[in-house]
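Structure record follows, encoded as structure tokens.
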Amino acid sequence: MTRKTAAITAIGGFVPEFVLTNDALAQMVETSDEWITTRTGIKERRLLKPMSLGTSYMAIAAAKELIQKKNLNPIDIDLVIVCTATPDMPVSSTAAFVATEIGASNAFGYDLQGACSGFLFGMSAAAAHISSGRYHKVLLIGADTMSSIIDYSDRTTCVIFGDGAGAVLFEPNDEGLGLQDEVLRVDGKGRDYLNVKAGGAIQPASIHTINNKAHFLHQEGKSVFKFAVSNMTAAATQLLEQNNLSTYDIDYVVAHQANKRILDSIAKNLDLTSKQMLINIERYGNTTAATLPLLLWDYENKLKKNQKLLFTAFGGGFTWGATYLTWAYNS
Ligand code: COA
């Protein structure tokens, strides 16, 4: 008997029009196109203008593209999950606003904060909701307005991040295709290395937090780099082992786009070829929860039914993991 799995059946995406090139950044901070390109692989990133449009603006645009491509009636959507580290507001649910704006009037929804692993954790949640048998169409969105928490006078962070959103639809699959297995982890000790210190319960907004630039993203880049490489490698290795797979069996790796050198190190550790690695970091930078769905959006035409995909991500918290998914359709 075939098992009912949760498969991705449609993709949408959105990146803002405004392009911030490395040369433009070099006018703002002491850096150069050469340094950014060789140290990160990034050439340009997109920024939401005006920023006050909010993360929901990009999430809605990505969702609407998916709805139109799939010819989906939004009233059939059961659940909207918005994975984001930069919600429109700290309290009001961004997912609720998105669901209403796209006409998903029969859905419930929630925000999921897993930083750069948000979409990976969201895939787990979406698949579990489908497997419960109670939900049949789950819209999973990864969206972040990183420009809203970046200090554009701090060259160690501002060169890396960009804004964007990607959306996928999860539906039940009768052929056993879709999400197969996952290894997901967290380590709370990591919060010293990658964080926004203020604006939460520990340090509510005050004149001091503003003067100390504590509402901006802080990272200890070198340490984060090492943790990212070792933890994504370990999660992917465990996942492959427990599914009796070798890296040669994998058609594509959908890895969080944080730094091209991180991707190269993972590929080397896992013995992956450059053909297996899906990469678009040069155009968008690190869009946090949006990198994985934006990869699917960019490479949708390459993906074929039954292909084996290995997802992996790492982010603030720390959060990380790897997910094995088989592709369910030809576009
Ligand atoms: N332009 C020019 N020089 C820069 C620079 C920039 N944008 N940013 C840092 N530098 C300088 C540093 O000041 C340092 O100078 P010094 O040697 O005179 O002190 C030098 O470059 C090396 O700095 P270092 O931090 O060791 O560089 P790095 O090779 O580790 O690259 C990152 C920095 C941030 C690109 C890299 O550590 C990284 O990508 N880390 C992971 C970040 C990440 O993935 N975050 C999100 C996680 S999901």
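In this structure, does THR209 turn out to be open to solvent by less than 30 Å² (accessible area, probe 1.4 Å) and either more than 16 Å from the ligand (Cβ to nearest atom) or assigned to a loop (DSSP other than H, G, I, E, B) (or both)?
On the way: open to solvent by less than 30 Å² (accessible area, probe 1.4 Å): yes; either more than 16 Å from the ligand (Cβ to nearest atom) or assigned to a loop (DSSP other than H, G, I, E, B) (or both): yes.
Yes: the conditions hold for THR209.
Might you check whether a residue that is closer than 30 Å to GLY133 by Cβ and outside any loop (DSSP other than H, G, I, E, B) occurs anywhere in region 15-28?
Quick first cut of region 15-28, residues closer than 30 Å to GLY133 by Cβ only: none.
Scanning region 15-28 turns up no residue that is closer than 30 Å to GLY133 by Cβ and outside any loop (DSSP other than H, G, I, E, B).
For the subset of region 154-171 comprising residues that are farther than 15 Å from ASP144 by Cα and out of contact with any strand residue (DSSP E or B) (no Cβ under 8 Å at 6 or more places or on another chain), which member is surrounded by the most Cβ atoms within 10 Å (Cβ to Cβ)? Step through it out loud before you land on a result.
First pass over region 154-171, keeping only residues farther than 15 Å from ASP144 by Cα: 154-157, 159, 168-171.
Cutting the leftovers down to out of contact with any strand residue (DSSP E or B) (no Cβ under 8 Å at 6 or more places or on another chain) gives us 154-155, 159.
Numbers: ASP154: 15, ARG155: 17, VAL159: 25.
Step by step, filter region 154-171, then rank; the result is VAL159.
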For this session: Give the residues of region 108-126 that are more than 17 Å from GLY164 (Cα to Cα) and surrounded by fewer than 24 Cβ atoms within 10 Å (Cβ to Cβ), sorted by residue number.
Result: PHE108, GLY109, TYR110, SER124, ALA125
For this session: All but one of (1) assigned to a helix (DSSP H, G or I); (2) open to solvent by less than 60 Å² (accessible area, probe 1.4 Å); (3) within 16 Å of the ligand (Cβ to nearest atom) hold for ALA59, so report the exception by its number.
Result: (3)
Exercise. Looking at ILE141, ILE150, which is the one that is among the hydrophobic types (A, V, I, L, M, F, W, C), within 16 Å of the ligand (Cβ to nearest atom) and either over 26 Å from LEU309 (Cβ atoms) or not in a helix (DSSP H, G or I) (or both)?
Worked result: ILE150
For this session: Within region 129-154, count every residue that is small (Gly, Ala, Ser) and under 17 Å from the mean Cα position of the chain (by Cα).
Result: 4
Seminar exercise, completed: Among (1) closer than 19 Å to GLN180 by Cβ; (2) assigned to a helix (DSSP H, G or I); (3) open to solvent by 10 Å² or more (accessible area, probe 1.4 Å), PRO293 falls short only on (3)
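Looking for something in contact (Cβ under 8 Å) with a residue 60 or more places away in the chain, open to solvent by less than 40 Å² (accessible area, probe 1.4 Å) and under 19 Å from the mean Cα position of the chain (by Cα) - is there at least one such residue anywhere in region 85-102? Let's see the steps before the verdict.
Our first condition is that a residue be in contact (Cβ under 8 Å) with a residue 60 or more places away in the chain; within region 85-102, this holds for 85-86, 90.
Cutting the leftovers down to open to solvent by less than 40 Å² (accessible area, probe 1.4 Å) gives us 85-86.
Among the residues that remain, those that are also under 19 Å from the mean Cα position of the chain (by Cα) are: 85-86.
Yes: one or more hits.
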Exercise. Of the residues that sit in region 221-262 and are more than 21 Å from ALA289 (Cβ to Cβ) and near the ligand (Cβ under 9 Å from one of its atoms), which one is most open to solvent (accessible area, probe 1.4 Å)?
Worked result: LYS222
Exercise. What number of residues in region 269-296 are away from the ligand (no atom under 16 Å from the Cβ) and without any contact (Cβ under 8 Å) to a residue 24 or more places away in the chain?
Worked result: 3
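The values are calculated or read from the model by the stated rules, or taken from the named source; none is laboratory data. Worth saying up front: this structure is predicted, and the values here are computed from it rather than measured. No Cβ is skipped: glycine too gets one built from the backbone with ideal geometry, and neighbour counts run over all protein chains shown. All accessible areas refer to the heavy atoms of the entire protein, side chains included, with ligands and DNA or RNA removed. Shrake-Rupley method; radii C 1.70, N 1.55, O 1.52, S 1.80 Å.
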